[in-house]
1. Treating the beta-carbon of each Lys and Arg as +1 and of each Asp and Glu as -1, no other charges, what is the dipole magnitude of the chain about its Cα centre, to the nearest 20 debye?
2. Measure nothing fancy, just the Cα-based angle from helix 42-71's long axis to the longest principal axis of the chain, in degrees from 0 to 90, nearest 10.
3. Averaged per residue, what accessible surface does the chain expose to a 1.4 Å probe, in Å²?
4. Order Phe30, Phe7, most accessible first, counting only protein heavy atoms with a 1.4 angstrom probe.
5. Suppose only helical runs count, i.e. DSSP H with n ≥ 4. What mean residue ellipticity at 222 nm does that imply for the chain under -39500 (n - 2.57) per run, divided by all residues and rounded to the nearest 500 deg cm²/dmol?
6. Pop out the carbon and sulfur fraction of the accessible area of the chain as a percent, whole number, probe 1.4 Å.
7. Helix 11-36 versus the longest principal axis of the chain: what angle, 0 to 90°, nearest 10, using Cα atoms?
8. For semi-axes √(5λ) of the Cα gyration tensor in Å, pick the label among [x] 35, 27, 12; [y] 24, 15, 14; [z] 102, 20, 6 that corresponds to the value derived from the coordinates.
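The values are calculated or read from the model by the stated rules, or taken from the named source; none is laboratory data. Just so you know, these numbers come straight off a predicted model, no measurement behind them. All Cβ positions, glycine included, derive from the backbone under ideal geometry; neighbour counts span all protein chains shown. These area figures cover heavy atoms from the full protein model, side chains too; ligands, DNA and RNA do not enter into them. Shrake-Rupley method; radii C 1.70, N 1.55, O 1.52, S 1.80 Å.
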Amino acid sequence: MESVAAFSGSIPGQMLLAIGQMVVVVCVCFDMVRALSVPRSHRRYLASTVFRTLAIPSIIVNGLTVLIALVLWSWIDVVMGMFVLVAIIFRLHHDKDEDNWWKGKGKKLARWARRQFAGRTAAAPAMG
């Protein structure tokens, strides 16, 4: 755990945390745009797509930030980070019927992955 605290205090660690927090802020801002936009509009479609794209990375980054705050015994940062984490997770799971680019892509991506990772059935060359 000391290595986590040491890395978070270094320049590269601070840069990574800052970039991660920018992703979280952009994700939350696009969620706000989605909430304030007219249903079935292009603006809402774009905002929902960006939010769905950045939600999982935001959850991971915010979870790491909370872990670092926990290691550093910064309880106010733990509480604030957990609030943001729970809010993003709630918003991600709350509106499932939103129209976005990802809607229906799960089955298509699963089909593509099955085709890519399926064993190739090619005839082996004869040893002779």
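1. On the way: 15 positive and 7 negative charges, 211 e Å.
Result for the chain is approximately 1020 debye, rounded to the nearest 20.
2. Orientation of helix 42-71: about 60 degrees from the principal axis.
3. Accessible area per residue, the chain: 74 Å².
4. On the way: Phe30 75, Phe7 105 Å².
These residues rank, largest area first, as Phe7, Phe30.
5. Working: 5 runs with 97 residues, N = 128.
Estimated from H runs of four or more residues: -26000 deg cm²/dmol.
6. On the way: 6840 of 9410 Å².
Percent of accessible area from carbon and sulfur atoms in the chain: 73.
7. For helix 11-36, the angle is close to 80 degrees.
8. [x]
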